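Asker: Sharing a structure below in structure tokens format, with a few things to ask.
The values are calculated or read from the model by the stated rules, or taken from the named source; none is laboratory data. Bear in mind that the values here come from a model prediction, so they are computed numbers and not experimental data. Cβ placement follows ideal geometry from the backbone for every residue including glycine, while neighbour counts extend to all protein chains displayed. Side chains are part of the model used for accessible areas, which takes the heavy atoms of the whole protein and leaves out ligands, DNA and RNA. Shrake-Rupley method; radii C 1.70, N 1.55, O 1.52, S 1.80 Å.
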Amino acid sequence: MTDSNLLQGPIHDVHVELGATFAPFGGWAMPVSYAGTVGEHTATRTTVGLFDVSHLGKATVRGTGAAAFVNSALTNDLGRIRPGKAQYTLCCTPEGGVIDDLIAYYVGDDEVFLVPNAANTAAVVAELRKVAPESITVTDEHRDYAVFAVQGPKSTEVLAALGLPTEMEYMAYADAEWQGRPVRVCRTGYTGEHGYELLPRWDDAEAVFRALVEQVRSAGGEPAGLGARDTLRTEMGYPLHGHELSVDITPNQARTGWAVGWKKPEFWGKAALEQEKADGPRRTLLGLRALDRGVLRQGQTVLRDGEPVGETTSGTFSPSLKVGIALALLDTDAKLAPGDEVEVDVRGRKLRCTVVKPPFVETNTK
């Protein structure tokens, strides 16, 4: 896809003004960094980082029994939560592969708001529309709302300065207003830090973002781009669709079975996933921490005693640990466990690594 064909978010010009560098991601022109990925990563871990992730999809399922309908399709059990809460869940194929991972906001029994990944929004909407009863509508609202993530130890301070709600439990949300503009505020994020995700209307995005930038910088933080978002989520072992999850990688393999309502009577892919769980997945997602100097990347072969035993799905340099880290799908038959040593083929060089169970650093979300 050429740069001229890339979609732009509601505040692209603001990112240009802030000195962002851009790269394509999910069909969108995304800010990769402003002052540098390591600095933005460190700001998020120590003070606060501000991310524009308006490329994320938005869709509303509305009508009589909408929550029950969504619950019959997606993996997690909406019955575990209540209105005012959000839930991480998966949209699977009949074979158990993952079309997308997304957040479901339980608005009420007759309304569920979904936030899928950018490139998969149309697919998720299409799959739901195929089987939705006449009483239920599935509306693609991709360009109706922006999404800003305020993440880090001082995230509460930033929101409080704007008069936005902060006293909510993890994965809860509140519908609020800022200067007469509606904003949905949720205690979620993708960094492993205490934080919030804000959903203002698309047309209100610039005013809200500029106010956030001012408060984030007052708190000693920085706007942060896609580069820091990736290093932060990799340190936490959070999956990224197309890497740790895909139509060829099941929740059992990706260790996201905790997001599956196994006791529910139905959800897409239930029979296949139950069978795989009973048999044991053929591969399992684990972490790798480099023992030698070097940076790990996606798609590198993992070796044990010279024999292939898996492949990296994501890899980066960890700004927090100052070493290379990776996530990798490892063959179950290899019986690898945390503490075991393997090698990764980095362009012909064997890089020694130790197997770890993510996260690589402490989680502070709650």
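Asker: If a residue must be open to solvent by 50 Å² or more (accessible area, probe 1.4 Å), of a type in the set (Asp, Glu) and within 17 Å of residue 14 (Cβ to Cβ), how many such residues does region 177-226 contain?
Answerer: Residues that pass the stated criteria total 4.
Asker: Name every residue in region 227-248 that is of a type in the set (A, V, I, L, M, F, W, C), surrounded by fewer than 23 Cβ atoms within 10 Å (Cβ to Cβ) and not in a loop (DSSP other than H, G, I, E, B), in order of residue number.
Answerer: Within region 227-248, just 236 meets the criteria.
Asker: Next question, about the same structure. Only one residue in 278, 259 is within 25 Å of residue 92 (Cα to Cα) and surrounded by 15 or more Cβ atoms within 10 Å (Cβ to Cβ), so which one is that?
Answerer: The match here is 259.
Asker: Please go through region 327-366 and pick out each residue that is out of contact with any strand residue (DSSP E or B) (no Cβ under 7 Å at 6 or more places or on another chain) and either over 26 Å from residue 47 (Cα atoms) or not in a loop (DSSP other than H, G, I, E, B) (or both).
Answerer: Matches in region 327-366: 333, 335, 346, 347, 348, 349.
Asker: Could you figure out which of (1) over 19 Å from residue 199 (Cα atoms); (2) more than 20 Å from the chain's Cα centre (by Cα); (3) modelled with pLDDT of 95 or more isn't true of residue 5?
Answerer: So the condition that residue 5 fails would be (3).
Asker: So, one more: Of the conditions (1) out of contact with any Asp or Glu (no Cβ under 9 Å at 6 or more places or on another chain); (2) over 19 Å from residue 9 (Cβ atoms); (3) small (Gly, Ala, Ser), residue 54 satisfies every one except a single condition; which number is it?
Answerer: Status for residue 54: all satisfied but (2).
Asker: Looking for something under 21 Å from the mean Cα position of the chain (by Cα) and under 28 Å from residue 77 (Cβ atoms) - is there at least one such residue anywhere in region 289-308?
Answerer: Within region 289-308, none of the residues are under 21 Å from the mean Cα position of the chain (by Cα) and under 28 Å from residue 77 (Cβ atoms).
Asker: Would a scan of region 119-128 turn up a residue that is within 17 Å of the chain's Cα centre (by Cα) and either closer than 11 Å to residue 61 by Cα or of a type in the set (Asp, Glu) (or both)?
Answerer: No: zero hits.
Asker: Output the residue which, of all residues in region 334-366 that are open to solvent by less than 40 Å² (accessible area, probe 1.4 Å) and under 19 Å from the mean Cα position of the chain (by Cα), is nearest to residue 239 (Cα to Cα).
Answerer: Among residues in region 334-366 that are open to solvent by less than 40 Å² (accessible area, probe 1.4 Å) and under 19 Å from the mean Cα position of the chain (by Cα), the one nearest to residue 239 (Cα to Cα) is 358.
Asker: Restricting the first residue to region 156-180 and requiring it to be over 22 Å from residue 204 (Cβ atoms), which pairs with a second residue that is open to solvent by 40 Å² or more (accessible area, probe 1.4 Å) meet a Cβ separation below 6 Å and a spacing of at least six or different chains?
Answerer: Listed by first residue and then by second, the contacts come to 170/366.
Asker: Out of the residues in region 191-210 that are of a type in the set (Phe, Trp, Tyr) and in contact (Cβ under 8 Å) with a residue 60 or more places away in the chain, state the one that is farthest from residue 361 (Cα to Cα).
Answerer: Once the filter is applied, the top-ranked residue is 202.
Asker: Yes or no: residue 136 farther than 22 Å from residue 239 by Cβ, in contact with a helix residue (DSSP H, G or I) (Cβ under 6 Å, 6 or more places away or on another chain), in contact (Cβ under 8 Å) with a residue 60 or more places away in the chain and not basic (Lys, Arg)?
Answerer: Yes; evaluated as a whole, the condition is true for this residue.
Asker: Now, a different point. Residues in region 91-102 that are open to solvent by 30 Å² or more (accessible area, probe 1.4 Å) and either of a type in the set (Asp, Glu) or over 23 Å from residue 283 (Cβ atoms) (or both): how many?
Answerer: Within region 91-102, residues that are open to solvent by 30 Å² or more (accessible area, probe 1.4 Å) and either of a type in the set (Asp, Glu) or over 23 Å from residue 283 (Cβ atoms) (or both) number 1.
Asker: Within region 327-357, how many residues are over 15 Å from residue 308 (Cα atoms) and touching a residue at least 60 places away in the same chain (Cβ under 8 Å)?
Answerer: 4
Asker: Here is a list of conditions, (1) modelled with pLDDT of 95 or more; (2) surrounded by fewer than 21 Cβ atoms within 10 Å (Cβ to Cβ), and residue 26 meets all of them except one; can you say which number that is?
Answerer: (1)
Listed here are the residues, each with its yes/no results for (1) among the charged types (D, E, K, R); (2) surrounded by fewer than 22 Cβ atoms within 10 Å (Cβ to Cβ).
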{"position": "83", "(1), (2)": "no, yes"}
{"position": "89", "(1), (2)": "no, no"}
{"position": "112", "(1), (2)": "no, no"}
{"position": "116", "(1), (2)": "no, no"}
{"position": "124", "(1), (2)": "no, no"}
{"position": "129", "(1), (2)": "yes, yes"}
{"position": "135", "(1), (2)": "no, yes"}
{"position": "139", "(1), (2)": "no, yes"}
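Asker: Scanning region 56-68 for residues that are open to solvent by 10 Å² or more (accessible area, probe 1.4 Å) and under 17 Å from residue 141 (Cβ atoms), which turns out farthest from the chain's Cα centre (by Cα)?
Answerer: 63
Asker: (1) open to solvent by 60 Å² or more (accessible area, probe 1.4 Å); (2) closer than 25 Å to residue 9 by Cα; (3) not polar (S, T, N, Q): which one isn't true of residue 152, the others all being true?
Answerer: Every condition holds for residue 152 apart from (1).
Asker: Select from region 296-333 the residues that are open to solvent by 20 Å² or more (accessible area, probe 1.4 Å) and over 17 Å from residue 243 (Cα atoms) and list them in ascending order.
Answerer: 304, 305, 306, 307, 308, 320, 321, 322, 323, 332, 333
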